[in-house]
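Written below as structure tokens is the structure these notes are about.
The values are calculated or read from the model by the stated rules, or taken from the named source; none is laboratory data. Here the structure is a predicted model, which is why all the values come from computation and not from measurement. Positions of Cβ are generated from backbone atoms using ideal geometry, with glycine treated the same way; all protein chains shown enter the neighbour counts.
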Amino acid sequence: MEFVGKLEEIKRKYEKITESLSDPEIVSDQKRYVSLSKERSSLEEIVNVFNEYVEVTSNIEGNKEVIQSAEDKEIKEFAEIELDELISRQKEIEEEIKVLLIPKDPNDDKGVILEIRAGTGGDEAGIFAGDLYRMYTRYAENRGWTIELIDLNESNHGGIKEAVLSLSGEGVFGDMKFESGVHRVQRVPFTEASGRVHTSAASVAVMPEVEDVEVEVDQNDLRIDVFRSGGAGGQNVNKVETAIRITHIPTGLVVQCQDERSQLKNRQKAMKVLNARLYDLELQKHNSELAAQRKSMVKSGDRSDKIRTYNFPQNRVTDHRIGLTLYSLTNIMEGDLDEMVEKLKIADKTEKLKEDTN
């Protein structure tokens, strides 16, 4: 197989890292130890698949020798049956390896800044935005991720105008990155007396969290305003100016945080969001340039794209990018997004594989 040389190199790297992890000097350096452990973990699956490929290939050669040299007819027939099975498995493994060798998005292991905003549809749009907020927090809880609320702007009937939160854990961006775009809902609002189905929308933006070193922000480009919090906060609300609003003058980006009672903590959270948005601007620019060269089925540089429709009367969810329809809306709204996420990831890998072979 054409990839054998590359796979042997990956295996040597894996074995070298494994050996390094028992080195007392590396064990004592916690940061380096964690970094190497993550790298080893990222290589483990492909090394295991390659080991199976080597074993299957060896068994194929062994069975061929038996078929050529065996005098016993029954043994030869058994070896021929097994050879067919081994060749079939070898082809399957080759396809698995092709997928595993697709370059991984370097952002996949990062946490995310998740922003949900009500769109067209009045109060119902705010209620739907609140439903999406609940859906994603339930999904994050199911995955064991850490959820940190940064800003929440509530609307009528328990809905929200905007929510900004941070999700951190294993592979968060890799699982959440296909959620960016416009989400549309079709249902009868409880505020609707005539029972007529309405269509409303909310937008979702998912941005990878970045370290300060990944984004250069000139402090002279920032305007920082301090104001009194208007949300929950007990004795502190409307008495002490702890809420922070940061404006990045060159881009016009505005972020704010009023969730914490400490002005310093609110400023740190707001800067985390600003860094993510600035990084995302560059990422979207890069994706748009790629989209000019090829039409991506799953990802889009345009955040205004309608990606999904939630039809409550028919208990149906349709993802328009990959033509997937699931009749499990109730479970999805409770955070059961696993099947949807997995189908989107498979579609993305399939598309990349096609591009590599063209």
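Some values worked out for this structure:
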| quantity | calculated |
| --- | --- |
| Residue count for segment 78-91, restricted to those that are of a type in the set (A, V, I, L, M) and buried (at least 16 other Cβ atoms within 10 Å of the Cβ) | 3 |
| Test result for residue 75, buried (at least 16 other Cβ atoms within 10 Å of the Cβ) and either within 26 Å of the chain's Cα centre (by Cα) or without any contact (Cβ under 8 Å) to a residue 60 or more places away in the chain (or both) | no |
| Residue 91 touching a helix residue (DSSP H, G or I) at 6+ places or on another chain (Cβ under 9 Å) and of a type in the set (Lys, Arg) | no |
| Search result, residues across segment 79-112 that are in a helix (DSSP H, G or I) and either touching a His at 6+ places or on another chain (Cβ under 8 Å) or closer than 30 Å to residue 211 by Cβ (or both) | 99, 100 |
| Search result, residues across segment 190-209 that are more than 15 Å from residue 115 (Cβ to Cβ) and surrounded by fewer than 21 Cβ atoms within 10 Å (Cβ to Cβ) | 190, 191, 192, 193, 194, 195, 196, 197, 198, 199 |
| Any hit, segment 139-148, residues being in contact (Cβ under 8 Å) with a residue 24 or more places away in the chain, within 15 Å of residue 204 (Cβ to Cβ) and surrounded by 15 or more Cβ atoms within 10 Å (Cβ to Cβ) | yes |
| Residue 14 being closer than 28 Å to residue 169 by Cα, surrounded by 16 or more Cβ atoms within 10 Å (Cβ to Cβ) and not aliphatic (A, V, I, L, M) | yes |
| Residue in segment 114-121 that is β-branched (Val, Ile, Thr), touching a residue at least 24 places away in the same chain (Cβ under 8 Å) and surrounded by fewer than 14 Cβ atoms within 10 Å (Cβ to Cβ) present | yes |
| Residue check for residue 241: among the acidic types (Asp, Glu), at pLDDT below 85 and assigned to a helix (DSSP H, G or I) | no |
| Filter result for the condition that a residue is within 21 Å of residue 100 (Cβ to Cβ), assigned to a helix (DSSP H, G or I), more than 30 Å from the chain's Cα centre (by Cα) and polar (S, T, N, Q), over 58, 41 | 58 |
| Answer residue from segment 250-290, given it is part of a helix (DSSP H, G or I), at pLDDT 85 or above and polar (S, T, N, Q) and is nearest to residue 106 (Cα to Cα) among those | 275 |
| Subset tally (residues that are loosely packed, with under 14 Cβ neighbours inside 10 Å and either touching a Cys at 6+ places or on another chain (Cβ under 6 Å) or part of a helix (DSSP H, G or I) (or both)) for segment 311-338 | 1 |
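Results for (1) at pLDDT 95 or above; (2) closer than 24 Å to residue 174 by Cα, shown as yes or no for each residue.
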{"site": "32", "(1), (2)": "no, yes"}
{"site": "39", "(1), (2)": "no, yes"}
{"site": "42", "(1), (2)": "no, yes"}
{"site": "45", "(1), (2)": "no, yes"}
{"site": "51", "(1), (2)": "yes, no"}
{"site": "56", "(1), (2)": "yes, no"}
{"site": "60", "(1), (2)": "yes, no"}
{"site": "68", "(1), (2)": "no, no"}
{"site": "73", "(1), (2)": "no, no"}
